[in-house]
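In what follows, a single structure is set out as structure tokens and then discussed.
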Amino acid sequence: MAESMVGLKRSCRCAEVTEANIGQEMTLMGWVQKSRNKGGIIFTDLRDRTGIIQIIFEESDCGTESFEKAERLRSEFAIAVTGMVEKRSGAANSNLKTGAIEVRAKELRILSESEVPPFPIEENSKTKEELRLKYRYLDLRRPDLQRNIMVRSRVATMVRQFLSDEGFLEIETPTLIKSTPEGARDYLVPSRVHPGSFYALPQSPQLLKQLLMCSGFDRYFQLARCYRDEDLRADRQPEFTQIDMELSFVDVDDVLDVNERLLKKIFKEICDFDVQLPIQRMTWREAMDRFGSDKPDMRFGMELKDVSETVKDCEFVVFKGALENGGSVRGINAEGQAAMPRKKIDALVEYAKGFGARGLAYLAIHEDGSYKCSFGKFMKEEELDALVKAMDGKPGDLLLFAADKDKVVFDVLGNLRLELARQLDLLKKDDFKFLWVTEFPLLEYSEEEKRYVAMHHPFTMPMDEDLPLLDTNPGAVRAKAYDIVLNGTELGGGSVRIHQSDIQSRMFDVLGFTEERANEQFGFLLDAFKYGVPPHAGLAYGLDRVVMLMVGADSIRDVIAFPKVKDASCLMMEAPAGVEGKQLEELHIAVTAEKEE
């Protein structure tokens, strides 16, 4: 039966007890990790969010009543213990922060009993994630998850303090807003008061923070909840938290400077890692050419090499066909991997096909300088030699080539490079390599919609020197946009915004917006821009991604208290779920069963 804690006050948390407390009487509260009855003496590990401390129960110290209660203790009972801190009688446990001490119990109260948990509460659990997420409140008792959530809390507090010291104001923006479906799908919320009308949950506070700049607040930030109805990945959730900011009277360098100093501070405080400033910058074009990715992992080399010029006159039909169709031939050098078994190479070919490749050409350079080549019979010896030279190949290296349209080649080799790095164990989680990727294309052409769409959003400023191209060659226009990348993951992104109405009108024209449609979707912003809008720019990080990389987790689910699974459902709450007919009637909504064809 559960007991009251009346008259008891916790002295401190479990792992906050130190050798300095030896000889003091203390009251501790927490959960039983495990309890071992050695006949006449009971050893209990008491756990809370700080760690574990060992409690000793002997009848001569705690009395018959407390000792009999101690005999009933099982994993996950919530208890309160009053006792004397002592030097540990047995060998010290170097794995515990409190391994040199123990508490000799004088009184025990069982505050709450527990059924047998559906899985052990332990670090690095091997239990299936689906089961753990169903009982997430138990999963969150695991020390590794608790550490992650506490790191997240520390990061949030530090960000608030740093930005506040830099003159930013924390301002909340609404989460019931107007739907502006440029980008991912909105989550829609029906209005009871306005039948047939819907709010949207914000994908980001983009338009509202720009309005705050119009309002003269100068520097804004917010830890903003955002929502996107899109397919999930390891680093994506339908709802997430952004470290969101906007600054007035600034250009690119100002935004990057304040954010570099923010990153330096939090990575020093949390990870004891010194971020070297200034952080390296690379244009989008250079990143694609060298790494096949706009978020390159800089922890290792294996860069792409364009060998189109070298092979342009060869008779190998795969290379020839790609070049004739306006594509390219590029390769990567897996140094020292010439002896890779054929089975492994075949697996890499299959992996490449998953990213659009029709195949993968390879050339292994044996230690004696001879070649083993999948396309050798279609090329002359001097052509192969020239190819090896262009790839900086040397004995022992394995060269892998893709030939197709540039987009496919980048996708294939960019991902193949990462897969090889995983296989060769080149990705150290505590080696933080930051990179700014700048000058993204302003627009990309959508084959589906047969028009240009904004690569970031319709309010991104073109590079000044590219403005004349907006009407003549929009695909070549670069944006004043920047992403902060860490170890191959995009942590966040932002841009300088358009603040001149004539440029904004030209942008809408290129995107195929009529004046009516632009006003219908963004009229409130365009109206605000008539009243002296300052030049402004901003950036937003995914807080979940930042913390995920800091703690070395493989998924953002490991740094979010109550995450969703791949189909955007919550296994614990069983959401989404149906609602009562009365609720739907009030919202003027009817749910109809899908007719079978």
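The values are calculated or read from the model by the stated rules, or taken from the named source; none is laboratory data. Since we're looking at a predicted model, the values are computed, not measured. Ideal geometry is used to build each Cβ from the backbone, glycine not excepted, and the neighbour counts take in all protein chains shown. The area values use the complete protein model at the heavy-atom level, side chains included, leaving out ligands, DNA and RNA. Shrake-Rupley method; radii C 1.70, N 1.55, O 1.52, S 1.80 Å.
The ratio of the alpha-carbon radius of gyration of segment 2-121 to the globular-protein estimate 2.2 N^0.38 Å is 0.97.
Here the convex hull built on the C-alpha positions of segment 335-463 has a volume of 177 cubic angstrom per residue. Relative contact order for the chain: 13 percent, from Cα pairs under 8 Å spaced at least 6 residues apart, divided by residue count.
Relative contact order (percent) for segment 292-433, with alpha-carbon contacts under 8 angstrom and 6 or more residues of separation? 37 percent. Note on segment 245-313 and segment 112-165: Cα centroid distance 31 Å, given to the nearest whole angstrom.
Taking 0.36 nm per residue of separation and subtracting the current Cα-Cα distance, fully stretching the chain between residue 97 and residue 464 would add 126.4 nm. Note on segment 349-398: the alpha carbon radius of gyration divided by the globular reference 2.2 N^0.38 Å gives 1.24.
Sorted from greatest to least, the principal axis extents spanned by the alpha carbons of segment 148-216 come out as 44, 36, 25 Å. In this structure, the amide hydrogen of residue 397, modeled 1.01 Å from its nitrogen in the peptide plane, lies closer than 5 angstrom to those of 336, 338, 365, counting only residues at least 5 positions away or on a different chain. Stokes-Einstein, applied to the Kirkwood radius of segment 500-597 over Cα pairs at a viscosity of 0.692 mPa s and 37 °C, places its translational diffusion at 170 µm² s⁻¹. Two tests apply to each whole DSSP H helix in the chain, Cα reach of 18 Å or more along its axis and mean Kyte-Doolittle hydropathy of at least -0.5, and the ones passing both are 143-165, 252-271, 406-423. Here, segment 257-318 is characterised by an Rg to Rh ratio of 1.23, where Rg is the alpha-carbon radius of gyration and Rh the Kirkwood radius. Between 482, 504, 529, the Cα set farthest toward the positive side of the dipole of segment 456-591 (charges on each charged residue's Cβ, about the Cα centre) is that of 482. Solvent-accessible area of segment 510-597 (1.4 angstrom probe, protein heavy atoms only): carbon and sulfur portion equals 52 percent.
Rolling a 1.4 Å probe over the protein heavy atoms of segment 114-179, with every protein chain left in place, gives an accessible area that is 52 percent carbon and sulfur.
Residues whose amide H falls under 5 Å from that of residue 297, counting only those 5 or more places apart or on a different chain, are 488, with hydrogens built in the peptide plane. Taking a quarter of the surface of the Cα convex hull of segment 392-521 gives a mean projected area of 11.5 nm². Taking a 26 Å limit on the Cα-Cα distance, which of the listed pairs 305/405; 97/566; 429/566; 405/428; 320/389 fall beyond it? Where the Cα-Cα span goes over 26 Å, the pairs concerned are 97/566; 405/428.
Treating each Cα of segment 150-278 as one equal point scatterer and applying the Debye formula with no solvent, the log10 of I(q)/I(0) at q = 0.17 Å⁻¹ comes out as -1.04. Highest mean packing comes first when the peptides 105-117, 236-248 are listed by Cβ atoms within 10 Å, giving 236-248, 105-117. Taking the square roots of 5 times each eigenvalue of the Cα gyration tensor of segment 1-53, largest first, gives ellipsoid semi-axes of 19, 17, 13 Å.
Counting only Cα atoms, segment 82-202 measures 70, 43, 30 Å along its principal axes, largest extent leading. Give me the log10 of I(q) over I(0) for the chain at q = 0.05, 0.06, 0.08, 0.09 Å⁻¹, as the Debye formula computes it from C-alpha points; what are the numbers? Per q value, in the given order, log10 I(q)/I(0) is -0.33, -0.46, -0.78, -0.93.
Relative to its residue count, segment 281-400 spans a Cα convex hull of 118 Å³ per residue. Per residue, the accessible area of the chain comes to 50 Å², computed with a 1.4 Å probe over protein heavy atoms only. Taking 0.36 nm per residue of separation and subtracting the current Cα-Cα distance, fully stretching the chain between residue 16 and residue 575 would add 197.4 nm.
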